[in-house]
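The values are calculated or read from the model by the stated rules, or taken from the named source; none is laboratory data. Everything numeric in this text was worked out from a predicted model, so none of it was measured. With ideal geometry, Cβ positions are generated from the backbone for all residues, glycine too; neighbour counts draw on all protein chains shown.
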Amino acid sequence: MPEEEKKAGKTAKNRSQLLQKALQLPLQPGVYLMYNAAGEVIYVGKAKALKNRVCQYFREGSDHAPKVAKMVAAVARFEYIVCGSEFEALVLEASLIKQYQPKYNVLLRDDKGYRYVRVSPPPWRRLTAVKQLQNDGARYLGPYYSGAVVEQSVDMACKAFGLPTCTRRFPQEFGRGRPCLNHALGNCAGACTGRVSLAEHEEAVEQALAFLNGGYTETLRALQAQMEAASQAMAFEKAAVLRDRIRALQSMSEKQHFVAAGVPNQDVIAYAGTPEKGCVEVFHFVGGALSDRAHYWVEPAPEGEALAAFLVQKYEAGSAIPPVLNLSVLPPEAERLEALLSERAGRRVRLHRPQKGEQARLVSACQTNAEERLLNTAGRQSRTQSVLEELASLLSLPAPPARIEAYDISHTAGRQTAAGMVVFQNGRPARRDYRRFAIRTAAGGDDPAALCEALSRRLAEYEARRGEEGFGRLPDLILLDGGKTQLAAVAALLRQRGYALPVFGMVKDSRHHTRAIVGEGGEIEIRANRSVFSFVAAVQEEVHRYAITYHRQRSGKALFSSALQQAPGVGPKRAAALLKAFGSLSAVEAATREALAAVPGMTAASAASLYAALHGPVDCPPGEKIS
């Protein structure tokens, strides 16, 4: 019997056994947990009647969505917990999802899409928008859900309070060169000139942080009070600075798309759904102005039930729960849900469905955004699937490629060779699966050998992590930035390792633009198919960008290290420590001898030696010897 038939028979038998167990469940509210063969919880769900809900998964002929069908196929057993009411089941479900982080419960499962505001360590603190938390001694505000909103808010705060956004280091670079355009436009106080005191700078930073934390209304009120106090104290220069900041904030606030002056702090939440997918949109207001927004893909359900499940899972930390939640519809048992959220917040939290006025218009706008996301996603997925089907037809693949991996090599005259691997999942970039390789064994300039080294390491990782996400999965299609020579080398490697994976090259013309795809049988013309041509060109451009960026990073570090190692007493380790501490050669040149000596691994002698190499001879510290 073929292996596929054995597997199908085993799956059918397991599903039948699970159905028999499900038929014995009670018709009561509760929570069920699905386990895979490894004993991991892969899904947690709730039900009004456990028997009816769980049986739906395992009945023969059940028409499941692709995601549900994949989950059901992986279920080896399930367990259940009976609850006193559907509301208790809802709360328990949220707790178990947080505890187990199941693979198929995607709502709020991780924070990879969050953004933060970074406040650099003193002195001369800076504000920047960043994607990840780092253990670097800086202070972080967040998380926020919308990267665009965070960047806009930081930009607004820096401009309104005159904070620098350049890369100059203070006080090392005071007076070096003319102030930048931001100072001329009035968007920066010009700390680089040396005419802004540290105390003035810190005051502006604190006001900017108060704006980011407290919102427009509270910050404006505080600034106006400070301006009046300064005027009464006849500190007219300070009053003028505060007046300019107030005007800048008022001018920028006019560009805010949504303002809700009636309720200073609130979340506006709306749901839109189809039988296949649900979307919850959230507008977060602080100080009467929209400060953040986010959307979440959730399991489709009646609107009230979907919002109830969302609220219980999202609002766990008390400080994150605003006093008012304006909803597109009140969920079932709204009073119990309101009491639960109030208990978590340690104060009154009100659930409200506005019927008219400003709040109703905000809810309507929020729901329109949720509906628009659903429509755009459905249309995009349909177009992308069509492109993948056409690509599969052109390349004679058995099915549209769900996972595509593309590889490119970058080097400068054979030096610092780097390889980049980008991944497209269902036609979209899967950036957390991108990988980069520092080529170690291939001779400089030998692109086919470098590609083979990268693919060999990729396959070794697959064999070590088989079945896991990322490297534990094989691609449905491999694309190489290169022609017949690169293709032949990689195809031979795959055959040698026993992998029958489709691999093709992406050929460029004399102007380095995508021209065609090359297979082992020859070139395949794709320019006549505009959608496939655009997709392949986008893949080739992305992998080239990723590979060359890594190569430039390696080359920059090598040049930096080489320049520093010309100084006696500075070797590779000290050069690496200086790179980590200062970031650029110009910053090292601007540093004092004391700052250089403070870098881990440096000594007073090595700092003096480096300073002398960069600036000319200096006196050696007493009792030290420059080697």
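Evaluate the following for Q152: is it polar (S, T, N, Q), surrounded by 15 or more Cβ atoms within 10 Å (Cβ to Cβ), modelled with pLDDT under 80 and not assigned by TED's automatic domain parsing to the domain that holds V68? Break it down stepwise before answering.
On the way: polar (S, T, N, Q): yes; surrounded by 15 or more Cβ atoms within 10 Å (Cβ to Cβ): yes; modelled with pLDDT under 80: yes; not assigned by TED's automatic domain parsing to the domain that holds V68: yes.
So Q152 fits the description; yes.
Kindly indicate the residue of segment 57-69 that is assigned to a helix (DSSP H, G or I) and touching a helix residue (DSSP H, G or I) at 6+ places or on another chain (Cβ under 9 Å) and also surrounded by the most Cβ atoms within 10 Å (Cβ to Cβ) among those meeting that condition.
Of everything passing the filter in segment 57-69, Y57 is surrounded by the most Cβ atoms within 10 Å (Cβ to Cβ).
Suppose we filter segment 514-532 for residues that are closer than 15 Å to L480 by Cα and touching a residue at least 12 places away in the same chain (Cβ under 8 Å); how many remain?
8
Sort through R139, R125 and tell me the only one that's in the same structural domain as T193 (by TED's automatic domain parsing), of a type in the set (K, R), at pLDDT 80 or above and surrounded by 15 or more Cβ atoms within 10 Å (Cβ to Cβ).
R125
Any idea how many residues of segment 437-462 are more than 25 Å from the chain's Cα centre (by Cα) and either closer than 28 Å to S393 by Cα or at pLDDT 90 or above (or both)?
12
Please indicate, with yes or no, whether at least one residue in segment 489-500 is of a type in the set (V, I, T), at negative phi, assigned to a helix (DSSP H, G or I) and more than 33 Å from the chain's Cα centre (by Cα).
Just the residues of segment 489-500 that are of a type in the set (V, I, T), to begin with: 490.
With at negative phi added as a condition, the list becomes 490.
Still in the running and assigned to a helix (DSSP H, G or I): 490.
Imposing the further condition that a residue be more than 33 Å from the chain's Cα centre (by Cα) reduces the set to none.
There is no residue in segment 489-500 that is of a type in the set (V, I, T), at negative phi, assigned to a helix (DSSP H, G or I) and more than 33 Å from the chain's Cα centre (by Cα).
So, in segment 437-453, how many residues would count as being of a type in the set (G, A, S) and under 9 Å from I409 (Cα atoms)?
Counting residues in segment 437-453 that are of a type in the set (G, A, S) and under 9 Å from I409 (Cα atoms) gives 1.
A378: modelled with pLDDT under 90, surrounded by 15 or more Cβ atoms within 10 Å (Cβ to Cβ) and of a type in the set (A, V, I, L, M), yes or no?
Working: modelled with pLDDT under 90: yes; surrounded by 15 or more Cβ atoms within 10 Å (Cβ to Cβ): no; of a type in the set (A, V, I, L, M): yes.
When the stated conditions are applied, A378 does not pass them.
May I ask you to list the residues in segment 312-353 that are touching a strand residue (DSSP E or B) at 6+ places or on another chain (Cβ under 7 Å), of a type in the set (A, V, I, L, M) and not in a loop (DSSP other than H, G, I, E, B)?
Within segment 312-353, V324, L325, L327, A334, L337, L351 qualify.
Show me the helices (runs of 4 or more DSSP H) entirely contained within segment 163-258 in which 3 or more residues are of a type outside the set (D, E), exposed (fewer than 13 other Cβ atoms within 10 Å of the Cβ) and modelled with pLDDT of 80 or more. Steps first, please.
Working: elements: 181-184, 198-232, 236-253.
By residue number, 198-232.
Quick one: in segment 23-48, of everything that is over 17 Å from P102 (Cβ atoms) and either of a type in the set (S, T, Y) or under 38 Å from the mean Cα position of the chain (by Cα) (or both), which residue is surrounded by the fewest Cβ atoms within 10 Å (Cβ to Cβ)?
Of everything passing the filter in segment 23-48, K48 is surrounded by the fewest Cβ atoms within 10 Å (Cβ to Cβ).
Go through V532, V503 for me and flag whichever is more than 19 Å from A449 (Cα to Cα), crowded, with 18+ Cβ neighbours inside 10 Å and over 25 Å from the mean Cα position of the chain (by Cα).
Exactly one residue qualifies, and that residue is V532.
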